[in-house]
Amino acid sequence: MTFCGLGQNRFGWAILASGLLLGCEFKSSASHTTSNTTLAPDSGSVASKPAESNEQSASETIGIEGSSTVYPICQAFAVEFERKSHHKVSVGRQGTGGGYKKFVNRQADIWNASRPIAAKEKEELSAKQIGWLELTIAVDGIVLVVNPQNTWCSSLTCAQLKRIWEPDSQVHNWSDLDPAWPAEPILLYGADTDSGTFEYFTEVINGKKNASNTNYTPASDDNILVTGVATNKNALGYIPFGYYIENTEKLKVIGISPTKDAAEAAAPVVSPTEETILSGEYAPLSRPLYMYANTSSLQSRKEVAEFLAYAVSEEAQTLIKDRGFVPVKDDVRQQMQKKLAESLVEQPAQSN
């Protein structure tokens, strides 16, 4: 495999870093037989079943855990990276919170997150002497969706969303929001409590992270939420933009007004699109998506550095769009390349 002249010592890291700063891209090599790889339970190691050919040691498998939102992006990266190299990648999707638990216990090289690292997580990582590097890899919008048979609701304000999703909500039927709407129960679907999407949504809509109406169907797999809304006429759910884009024939998207005060006139409604999400106009439900790397893995295992270099390469942006998500602006991507390069050269304890 050719990858910007990467060597196996500090001089080699410097070469990789220089290549990243110059915008060097991942280059193709021979394909391989993919093995079935998973993280070994309750262990910092990775279990790997031998492939029919080109067998890999556990240390060569890149372990990635975390966000179900980031999962389809990361999985697309992994498939293409495996195709282009002899390395294996294991990607889990138990949620941002679940992924962090793996990361802090040294059971993952990379942690996918749909919200920024929390102060208490920084403190815990520091106490365990785990260094980390934060990379912004894409942008997402949390999309409100209903069943296509829902002919009455085409938009909601953030004030209405709060009435629906706040703890001890008194909104039970659609008619509780608008007397002209059906007196039918609203069937709610959303991310489970281990999800970064749940944390982000509750904070920006309800004003407090993790404060939520509990009368809803939660899931860590967004495909379950899609199915729930698609099969129930009175359903309302929130999912990542990419999952909506892949299921537009099954779902109807709801435009959002950012107005949070019910006593105020509603601001213009904004529909989620690639343009409104990237610009931030789709507020307050636009958000960046992250990968956090264990700097020990990053600096001691060249395949981890190679994978992250691919994730922030120009080539990888097409994969992000193909999965329905929004690539970061090119200047942001180049800043991520620079951060990655500097982390290899300077070898800091942590970077954010």
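How about the range 182-203: which of its residues are hydroxyl-bearing (Ser, Thr, Tyr) and in a helix (DSSP H, G or I)?
Scanning the range 182-203 gives Thr197, Tyr200, Thr202.
Just for the range 319-331: of the residues that are in contact with a helix residue (DSSP H, G or I) (Cβ under 6 Å, 6 or more places away or on another chain) and either of a type in the set (Phe, Trp, Tyr) or in a helix (DSSP H, G or I) (or both), which one is surrounded by the most Cβ atoms within 10 Å (Cβ to Cβ)?
Phe325
Select from the range 332-352 the residues that are among the polar types (S, T, N, Q) and surrounded by 14 or more Cβ atoms within 10 Å (Cβ to Cβ) and write down the one among them that is modelled with the lowest pLDDT.
Gln347
Can you spot a residue in the range 198-215 that is free of Cβ contacts under 8 Å to residues at least 40 places away in the same chain, β-branched (Val, Ile, Thr), surrounded by 17 or more Cβ atoms within 10 Å (Cβ to Cβ) and more than 23 Å from Gln149 (Cβ to Cβ)?
Yes; the residues of the range 198-215 include at least one that is free of Cβ contacts under 8 Å to residues at least 40 places away in the same chain, β-branched (Val, Ile, Thr), surrounded by 17 or more Cβ atoms within 10 Å (Cβ to Cβ) and more than 23 Å from Gln149 (Cβ to Cβ).
Has the range 178-185 got at least one residue that is touching a residue at least 40 places away in the same chain (Cβ under 8 Å), surrounded by 18 or more Cβ atoms within 10 Å (Cβ to Cβ) and either under 30 Å from Gln94 (Cβ atoms) or in contact with a strand residue (DSSP E or B) (Cβ under 8 Å, 6 or more places away or on another chain) (or both)?
no
Taking strands (runs of 3 or more DSSP E) that fall entirely within the range 73-181, which contain at least 2 residues that are in contact with a helix residue (DSSP H, G or I) (Cβ under 9 Å, 6 or more places away or on another chain)?
Because the criterion is at least 2 residues that are in contact with a helix residue (DSSP H, G or I) (Cβ under 9 Å, 6 or more places away or on another chain), the strands (runs of 3 or more DSSP E) in the range 73-181 that meet it are 88-91, 110-113, 132-146.
State which residue is farthest from Leu278 (Cα to Cα) when the search covers only the range 290-318 and only residues that are under 16 Å from the mean Cα position of the chain (by Cα) and surrounded by 22 or more Cβ atoms within 10 Å (Cβ to Cβ).
Across the range 290-318, the extreme among qualifying residues is Ala293.
Out of Arg106, Arg83, report the one residue that is at pLDDT below 95 and either surrounded by fewer than 23 Cβ atoms within 10 Å (Cβ to Cβ) or under 29 Å from Asp330 (Cβ atoms) (or both).
Residue meeting the stated conditions: Arg83.
Name every residue in the range 222-264 that is surrounded by 15 or more Cβ atoms within 10 Å (Cβ to Cβ) and assigned to a loop (DSSP other than H, G, I, E, B), in order of residue number.
Asn232, Asn234, Glu246, Asn247, Lys250, Leu251, Pro258, Thr259, Lys260
The values are calculated or read from the model by the stated rules, or taken from the named source; none is laboratory data. The structure displayed is predicted, hence computed values, not measured ones. Ideal geometry is used to build each Cβ from the backbone, glycine not excepted, and the neighbour counts take in all protein chains shown.
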